[in-house]
Amino acid sequence: RKNVILSVDQEKTSETDLFKAVTEAKALLDPLGFILTEYTSYVDTSSAPGHYVLFWEIKGKEGTHCKELDPKIMVECCSRMEESLHYTYKIYRKRNIIAALEIRVVKQGSFEALMDYYVSKGTSLSQYKKPSCIKSEEALKILDSGVIGKYFSPKSPGLARTTLTEEVINPWDYVGTQGLKCNTIMHNMVIKGLCKSGKVKEAEAFLHAINFED
């Protein structure tokens, strides 16, 4: 998987995966008059299993009167993100290899403080680019100091049987549609075929699906 920014155990989430999930989730804020202005991510392994953390900076739209941010909506944003991530992530969540995704809402100005930190460390202001994933302990402390709310996904995401074009591998997508019986021989054929065609990550996801169903 290209451009990996988040990883727990063997699960790998790319910057594209994350952007897609955030885009799906932030749509829940729009009807309430809120917009997501900044976000970044972090892998929290301080407890087992580890989990993904998203830092969100949110503000009300200009010209609208926004009520206080509803915690239920933020919990739903967590769920929407997990539902939007790829099949391997969902398998790992079902098997409790990855804990529930968390969104930490930070006060306005937190990402500006983050930028100031990197500039103070020698990054040119004109070349500064917000990190997609926080790896610096100091940078993490800056964002954590601005946290005004923490929200978690309440349940593991469903295992929807979608298509290979979405990078989702499910054994029934391969062998169930033709009335073929799933067995060890059939599983091995699928895995070998994926590996030979260079789809190693897809083969891994297929293997996780088999193990999970077993």
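The values are calculated or read from the model by the stated rules, or taken from the named source; none is laboratory data. It should be emphasised that the depicted structure is a prediction, and the values quoted were computed from it without experimental measurement. Positions of Cβ are generated from backbone atoms using ideal geometry, with glycine treated the same way; all protein chains shown enter the neighbour counts. Heavy atoms of the whole protein, side chains included, go into the accessibility calculation; ligands, DNA and RNA do not. Shrake-Rupley method; radii C 1.70, N 1.55, O 1.52, S 1.80 Å.
Taking the accessible area of the range 66-139, probe 1.4 Å, and keeping the other protein chains in place, the carbon and sulfur fraction comes to 46%.
3J(HN,Hα) along the range 140-151: 5, 4, 4, 5, 4, 5, x, 5, 10, x, 10, 9 Hz, from the Karplus curve 6.51 cos²θ - 1.76 cosθ + 1.60 with θ = phi - 60°, whole Hz, x for Gly and Pro.
For the residue pairs Lys12/Lys196; Lys67/Lys155; Lys94/Lys129, alpha carbon separations beyond 30 Å are given by Lys94/Lys129. The trypsin sites (Lys or Arg not before Pro) found in the range 98-155 that occupy coil by DSSP, while having at most 14 further C-beta atoms within 10 Å, are Lys107, Lys121, Lys129, Lys135, Lys155. From the cross-link list Lys20/Lys61; Lys20/Lys90; Lys107/Lys141; Lys59/Lys90, which pairs have alpha carbons spaced over 25 Å apart? In this structure, Lys59/Lys90 lie more than 25 Å apart at Cα. Of all trypsin sites (Lys or Arg not before Pro) in the range 40-79, which ones are in loop regions per DSSP and have a Cβ with at most 15 other Cβ atoms within 10 Å? Counting only loop positions with at most 15 other Cβ atoms within 10 Å, the trypsin sites (Lys or Arg not before Pro) in the range 40-79 are Lys61, Lys67.
Net charge in the neighbourhood of Tyr118 (other residues with Cβ under 15 Å of its Cβ; Lys, Arg +1, Asp, Glu -1) is 0. Seen from Tyr128, the other residues with C-beta closer than 12 Å to its C-beta sum to a net charge of +1, counting Lys and Arg as +1 and Asp and Glu as -1. Karplus-based coupling profile of the range 118-123, in residue order and whole Hz: 5, 5, 5, 8, x, 6, with θ = phi - 60° in 6.51 cos²θ - 1.76 cosθ + 1.60 and x standing for Gly or Pro.
Among the GluC sites (Glu not before Pro) within the range 37-130, those in coil by DSSP and having at most 10 neighbouring Cβ atoms inside 10 Å are Glu62, Glu68.
Once backbone amide H atoms are built at 1.01 Å from N, Trp56 has Arg104, Val105, Val106 as its partners under 5 Å, excluding neighbours fewer than 5 places away on the same chain. Might you report the magnitude of the Cβ-based charge dipole of the range 4-159 about its Cα centre, with Lys and Arg at +1 and Asp and Glu at -1, to the nearest 20 debye? So the magnitude is around 240 debye.
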